[in-house]
Amino acid sequence: MTTKTFDAIIIGAGQAGSPLAGRLNAAGMSVALIERKLVGGTCVNTGCMPTKTMVASAYAAHLARRAADYGVTLSGPVGVDYARIKARKDKVTIDARTNLETWIAGMKGCTLYRGHARFESANTVRVGDDLLTAEKIFLNTGGRASVPDLPGIHDIDYLTNSSMMNLDVLPRHLIVVGGSYISLEFAQMFRRFGSEITVIEKSPRLTGREDEDVSAAILSILENEGITVHLGADDIGFARQGKDISVTFSAGKPPAVGSHVLLALGRTPNTDDLGLEKAGVEVDKRGFVSVDDQLRSSVPGIWAMGDCNGRGAFTHTSYNDYEIVAANLLDNDPRKVSDRIEAYALYIDPPLGRCGMTEAAVKKSGRRALVGQRPMTRVGRAIEKGETQGFMKILVDADTRQILGCSVLGPGGDEAIHCVLDLMYAKAPVDTLARAVHIHPNVSELLPTIAQELKPLA
């Protein structure tokens, strides 16, 4: 057994851990970076990069099938080569991971350890036969798919968002259990690849954190592509049925029978096997590391970043966690998590871009508010592209004129949302947006128009 001392230990080489290693190393600190699986974390290996690569392939297939709508003639039916789709996805992931590994290897003061880290004390971590010590330890251990103990779940083979990335056959009928962001992206993607799709969600509507009008529009988009959606499922169970899988979901209704089942029922932080109790690190009832506004844990000298701290579940929030930690430690810049405006996207087609408060949250706050809205059927760019599903909505404080939130569900919604998000960070009133001159033709050019047509929120 060997004992080595570093200035800093980082557990997890994800979207906060790796850049922090680079920043600390550049500041002259010796760093131990520990990764038990794959460098790059969820985003590079099983999340953003591989799934969005497949979403792009699905979009190409969908657009090709609609070729006649644009006056384009194809010589035969549109086919999907799933092996090539997977190979393309794998190359994007491998290239990104290899580039990251090469960058880490080039750091003179950073040592990459491959293995499972466990705390021995508040400043000591064991990795295999190595005992590592440091006065500063940073957790970036991410999360994994939750697998609730549903009836029959252990009697079947099921997929999660991670194992879906290794699937080498196109499902004949994919049953997706869960009706939120990950599940819906996979549902539409594999429908466009040619699979029959059934979505089963226990809530009365999809994407329960969104406003009801957004959820309804998303449901319409999916059903328009032939996806079967069952809502209000109150009795989900699983059983083998020959080579297939039977999924019961509501009393009195026939079960869904498919070739594959994808579980997309939330995420669990990877904190239960780190020996946090030996370090005295507190976690909440769901297992997330409890942190303050600058991402410090309950133990001085230990920080938690990314999915394991429960303060965000996205690559961009993980990376911002790194920025907050680095700013406080190295730049004397007191950045904090509460400065962050909630923002994310749902990568179905058309995508949803979201920032700030929902309409429901605004109403719950009790403040006087204004709202502006426009359907994509009244957006020239959407009409020209033949993609008119969805709408845009802006919420504004009636007294301060500050923008409270925005939803853009439509072509380029994941990009257009930043027109509003940046103004919110600048604390500019909605009048700034109303007077902006955007490029025509563009989806985002209607945001100033909406800002000029605000009405009281009922």
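The values are calculated or read from the model by the stated rules, or taken from the named source; none is laboratory data. A quick note: this is a predicted structure, and the numbers were derived from the prediction, not measured. Every residue, glycine as well, gets a Cβ built from its backbone with ideal geometry; the counts of neighbours run over all protein chains shown. The area values use the complete protein model at the heavy-atom level, side chains included, leaving out ligands, DNA and RNA. Shrake-Rupley method; radii C 1.70, N 1.55, O 1.52, S 1.80 Å.
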(message) Looking at region 150-170 only, could you name the residues that are buried (at least 16 other Cβ atoms within 10 Å of the Cβ) and over 26 Å from residue 54 (Cβ atoms)?
(response) 150
(request) Could you tell me which numbered condition residue 44 fails, if it satisfies all but one of (1) in a strand (DSSP E or B); (2) buried (at least 24 other Cβ atoms within 10 Å of the Cβ)? (result) (1)
(message) Suppose we filter region 230-259 for residues that are touching a His at 6+ places or on another chain (Cβ under 9 Å) and open to solvent by 40 Å² or more (accessible area, probe 1.4 Å); how many remain?
(response) 2
(request) Look at residue 29 and say whether it is open to solvent by 30 Å² or more (accessible area, probe 1.4 Å), in contact (Cβ under 8 Å) with a residue 12 or more places away in the chain and not charged (D, E, K, R). (result) yes
(message) Looking at the structure I just gave you, is residue 176 under 21 Å from the mean Cα position of the chain (by Cα), under 22 Å from residue 52 (Cβ atoms), outside any helix (DSSP H, G or I) and β-branched (Val, Ile, Thr)?
(response) yes
(request) Six or more apart or on different chains, Cβ under 7 Å: which pairs go from a residue in region 11-25 that's more than 10 Å from residue 322 (Cβ to Cβ) to one that's charged (D, E, K, R) and open to solvent by 10 Å² or more (accessible area, probe 1.4 Å)? Could you list them? (result) 12/35; 13/35
(message) Let me confirm something: among 138, 186, which residue is open to solvent by less than 10 Å² (accessible area, probe 1.4 Å), within 30 Å of residue 77 (Cβ to Cβ) and aromatic (Phe, Trp, Tyr)?
(response) 186
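Here's the yes/no breakdown for (1) farther than 25 Å from residue 99 by Cβ; (2) part of a strand (DSSP E or B); (3) modelled with pLDDT of 95 or more:
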{"site": "18", "(1), (2), (3)": "no, no, yes"}
{"site": "21", "(1), (2), (3)": "no, no, yes"}
{"site": "29", "(1), (2), (3)": "no, no, yes"}
{"site": "34", "(1), (2), (3)": "no, yes, yes"}
{"site": "39", "(1), (2), (3)": "no, no, yes"}
{"site": "55", "(1), (2), (3)": "no, no, yes"}
{"site": "63", "(1), (2), (3)": "yes, no, yes"}
{"site": "73", "(1), (2), (3)": "yes, no, yes"}
(request) Keeping to region 272-310, report how many residues are over 18 Å from residue 338 (Cβ atoms), buried (at least 23 other Cβ atoms within 10 Å of the Cβ) and hydroxyl-bearing (Ser, Thr, Tyr). (result) 0
(message) Looking at region 120-135 only, could you name the residues that are out of contact with any helix residue (DSSP H, G or I) (no Cβ under 7 Å at 6 or more places or on another chain), within 20 Å of residue 296 (Cα to Cα), open to solvent by less than 50 Å² (accessible area, probe 1.4 Å) and not hydroxyl-bearing (Ser, Thr, Tyr)?
(response) 125, 134
(request) Could you check residue 371 against (1) in contact with a helix residue (DSSP H, G or I) (Cβ under 8 Å, 6 or more places away or on another chain); (2) modelled with pLDDT of 95 or more; (3) within 30 Å of residue 51 (Cβ to Cβ) and say which number it fails? (result) (3)
(request) Could you grab me the full set of residues in region 311-337 that are at pLDDT below 95 and surrounded by 19 or more Cβ atoms within 10 Å (Cβ to Cβ)? (result) 312
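A quick yes/no check of all residues on (1) under 20 Å from the mean Cα position of the chain (by Cα); (2) part of a loop (DSSP other than H, G, I, E, B); (3) modelled with pLDDT under 95:
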| site | (1), (2), (3) |
| --- | --- |
| 185 | yes, no, no |
| 198 | no, no, no |
| 204 | no, yes, no |
| 210 | yes, yes, no |
| 214 | yes, no, no |
| 222 | yes, no, no |
